[in-house]
Amino acid sequence: NIFFSFQGRKLSEESTDESEEEDTEEEPKLKYERLTNGVTEILQKDAASCMTVHDKFLALGTHFGKVYLLDIQGNVTQKFEISPVKINQISLDESGDHVGICSEDGKVQVVGLYTREGFHENFDCPIKVVALHPQFSKSNNKQFVTGGNKILLYERNWLNRWKTSVLHEGEGNITNVKWRANLIAWANNVGVKIYDISSKQRITNVLQDNTNLRPDMYPCSLCWKDNTTLIIGWGSSVKICVVKERDPTEMRDLPSRYVEIVSAFETEFFISGLAPLADQLVTLYYVKENSEQMEEEFRTRPRLDIIQPLPEGCEEISSDALTVRNFQENQCRDYRLEHSEGEPLFYIISPKDIVVAKERDQDDHIDWLLEKKKYEEALMAAEISFKNIKRHDVQKIGMAYINHLVERGDYDAAARKCQKVLGKNMDLWENEVYRFKTIGQLKAISQYLPRGDLRLRPAIYEMILHEFLKTDYEGFATLIREWPGELYNNMAIVQAVNEHLKKDPTNSMLLTTLAELYTYDQRYDRALEIYLKLRHKDVYQLIHKHNLFSAIKDKIVLLMDFDKEKAVDMLLDNDDKISMDKVVEELKDRPELLHVYLHKLFKRDHHKGQKYHERQISLYAEYDRPNLLPFLRESMHCPLEKALEICQQRHFVEETVFLLSRMGNCRRALQMIMEELADVDKAIEFAKEQDDRELWDDLISYSIDKPPFITGLLNNIGTHVDPILLIHRIKEGMEIPNLRDSLVKILQDYNLQILLREGCKKILVADSLSLLQRMHRTQKRGVRVDDTAQAFGVVVFHCRHMFHKECLPSPGNVPGIQYCNICSAKRRGPGSGILEMKK
């Protein structure tokens, strides 16, 4: 049953209209459940008045004076008849071995749960509170406090007798007490006191803010967060107090400790209980609202809030309204909030109901996401916590998400999630495929089907391919490209495509797809025929990949018609598989294609196709004249007479000039340049290349009556022919364009030649002198002679050869001049030195 609400929106036990839920509703921080089992039976006959919580068990006091020990599921383990009237408070020490109980009729019992030995006393006034020392079981003096109209400290002395001390009195009834370590905090009608049991000093007094509230109707709530932090809730006021050590220099007559209020704020409702949650607070509120119909207040559901204390206020983190039983009859003093120190468990106690609140875990988070149909987030959360998840099957969550997407009509998203959710479960995959087929959405799931090591039955893939083939040729082609051919029966799909081609034989997409299917089936010849028919770009890749050169020997023209450049490169790269002669034979009726092939062959290797060079002359002349002259220049196997004949027939002057010059008829070549081209610069360049004096004379003779030609000669022949020869032959009175500039250039060129000669002469003289001086210094150097065997005269030449004077031949024709016999022999030839010695 739902018995709580989130963010203050009330949810009754019966039902609620989900349509009223807001999409912006935040996820709750806590989850709730009733404490049942034995508790249910107890509260049907009795009413809860107080409860205390230990990590091992619970202790529940009732209005009929009974105390029950319960396990954490609410099962009764022990029952004590304490009093005929209400139990006001129960206290346990940290070990859980001793319990303190006080009742409305003044009874106080502090006993061991397992020994039943301890303190038993009856007072003449109601005892509202009792608190054991946290280490009661271990301590020797067994301290505890009780509170009625005063706060009393009990401790056992060395004679094993109980000693009583009044810690405080005179400010009305004690309404609450909490003991932590050496600090005791209690509340009376005026405020809250803190007592240090170690120094036996009261260290603070925190006054009540709202004195108009009756302490018995709106009792003070106390809670120790740790050994030094006390949280006080009274009326609608909250104060957080920290006990601190006082500086020894400031003590004088003051207690060694003092209290600092680090946070104080007001709340909207009256506080019935407080408990710490990390750095936050869990607060139980008693709520009264004004009726719109009647001018009076009525009691509503209590609220359990999580708040974040701030220095000057607080921030609400979450707020839940609890539907506890008989909440309409309860008052602020009827509610209590207890918490477990071991784990964050919070017990909301009311007379007829006990509710347990705990922090929500990852499973609760996933439950909430599923409830709100936030399947994507639920799936992600489940995957993150997969190792520790207890109640949720990730696949189950995923299937719920897929179902939700299908119901919503988001088929593509549902299909996409199948990949993540279904994983390796092939049965689930097939079920989903058939479901998508039923709703007419096979296309949506097709791109997400398994296609790796884990695969479905071939019939599943074939069913989807047939569906696409009926309605979407493009989608069908995409699947054929993306799916490995082994996923389905290839021949069955080929047959289906052929059936469709009977109705639409020119459909390029179907034909391309059929070629791909033939390729998968290794029927490359059929695929090649289709690619060539379609002029498809993948034809060359298919040939290379599957080595189909034998299949294209009779299809060379088709390949070149499709893409000449790619076809020629492929043929030349694989001439070991398709010979050059075969290609030429296939292209003999298509000379323009033959020329492209032979031209690229010649560019790669000038000698490889030499037997076709004669044929290439005509091909260049017909289809590619710009490359004819470079061909003639570079080819060493071209018949010149045939080339000259073709060029003369077509009146190709530049090519004819080159051929004439190459054949040795330079004068005729020069004549064609002058007569046919009328280009003096080209004629001069030709004469320079040939470097023939007779050609220069012919050029001068031809140009002598043409003033523009004379100008060109004057400007260019200065370094090859004496300009005076040309100038003397110019007719007197002939008008020559730019004659002055030409003569100035001739003089400048001549002057430059003179300067160059003089400069060279100076360099030559300087180098000769430098070398002579170097030789003179070298020859003046001494020569070390090492010949101490006998006292012979020694002759040393500048070449460093040494001779005994007696061993040298007689001087030559020039008296007084002696030459090295070895060096002289080298100049004269082999054996001459020996002959000289013999002389």
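The values are calculated or read from the model by the stated rules, or taken from the named source; none is laboratory data. Only a predicted model underlies this, so the values are computations on that prediction, with no experimental measurement involved. So basically every Cβ, Gly included, is an ideal-geometry build from the backbone, and we count neighbours across all protein chains shown. All accessible areas refer to the heavy atoms of the entire protein, side chains included, with ligands and DNA or RNA removed. Shrake-Rupley method; radii C 1.70, N 1.55, O 1.52, S 1.80 Å.
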_Solvent exposure ordering (accessible area, 1.4 Å, most first) of 799, 241_ = 799, 241
*Identify, among 166, 273, 224, the residue whose Cα sits farthest towards the positive end of the charge dipole of the stretch 131-274, taking +1 on the Cβ of Lys and Arg and -1 on the Cβ of Asp and Glu, with the dipole about the Cα centre.*
166
*Could you tell me which of rounded, prolate or oblate describes the stretch 361-455, using a ≥ b ≥ c as the square roots of the eigenvalues of the alpha-carbon gyration tensor, with rounded for a/c under 1.5 and, failing that, prolate when a/b is larger than b/c and oblate otherwise?*
oblate
*Size of the dipole of the stretch 106-197 about the Cα centre, Lys and Arg at +1 and Asp and Glu at -1 on the beta carbon, nothing else charged, in debye to 20?*
260 debye
*Given 591, 494, 822, which one lies farthest toward the positive end of the charge dipole of the chain, if we put +1 on the Cβ of every Lys and Arg and -1 on the Cβ of every Asp and Glu?*
822
_Separation between Cα centres of the stretch 197-221 and the stretch 594-640, rounded to whole Å_ = 116 Å
*Which entry is the computed mean projected area of the Cα convex hull in nm² for this structure: [x] 94.5; [y] 43.5; [z] 39.2?*
[x]
*So what does residue 223 come to for accessible area, using a 1.4 Å probe and Å² rounded to 10?*
10 Å²
*Probe 1.4 Å, all protein chains in place: accessible area of residue 373 in Å², nearest 10?*
120 Å²
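Within the stretch 457-548, what whole-number % of the accessible surface is contributed by carbon and sulfur, with the 1.4 Å probe and all protein chains included in the calculation? Display every interim value, and only then the final one.
Details: 2180 of 4630 Å².
For the stretch 457-548, the apolar C and S fraction of the accessible surface comes to 47 percent.
From the helices alone, meaning DSSP H stretches of at least four residues, give me the mean residue ellipticity at 222 nm for the chain, per-run term -39500 (n - 2.57), in deg cm²/dmol to the nearest 500. List each step's numbers first, then the result.
On the way: 29 runs with 322 residues, N = 839.
Helix contribution divided over all residues of the chain: -11500 deg cm²/dmol.
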*For 285, 520, what's the largest-to-smallest order of accessible area, 1.4 Å probe?*
520, 285
*Two decimals is fine: what's Rg over Rh for the stretch 524-679, C-alpha atoms, Kirkwood radius as Rh?*
1.11
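Which percent of the accessible area of the stretch 310-456 is formed by carbon and sulfur heavy atoms (probe 1.4 angstrom)?
On the way: 3360 of 7480 Å².
Ligands and nucleic acids excluded, carbon and sulfur reach 45 percent.
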*Cut-off 9 Å between beta-carbons: net charge of the residues surrounding residue 163, Lys and Arg +1, Asp and Glu -1*: +1
_Can you work out the Karplus-derived ³J(HN,Hα) for every residue in the stretch 503-509? Use 6.51 cos²θ - 1.76 cosθ + 1.60 with θ = phi - 60°, whole Hz, and x for glycine or proline._
7, 9, x, 9, 5, 5, 5
*Using only protein heavy atoms and a 1.4 Å probe, report how much of residue 77 is accessible, in Å² to the nearest 10.*
90 Å²
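Calculate, for the stretch 149-236, the solvent-accessible area per residue in square angstrom, rolling a 1.4 angstrom probe over the heavy atoms of the protein chains.
Details: 3960 Å² over 88 residues.
Value returned for the stretch 149-236: 45 Å² of accessible area per residue.
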*Would you rank 361, 71, 589 by solvent-accessible area, highest first, keeping every protein chain in place and using a 1.4 Å probe?*
589, 361, 71
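So, for the stretch 361-455, what is the accessible surface per residue at a probe of 1.4 Å, expressed in square angstrom?
Heavy-atom accessible area per residue stands at 56 Å².
Assuming 0.692 mPa s and 37 °C, estimate D for the stretch 457-548 with Stokes-Einstein, Rh taken as the Kirkwood radius over Cα pairs, in µm²/s. Numbers along the way, then the final one.
Details: Rh = 13.3 Å.
So the translational diffusion coefficient is about 247 µm²/s.
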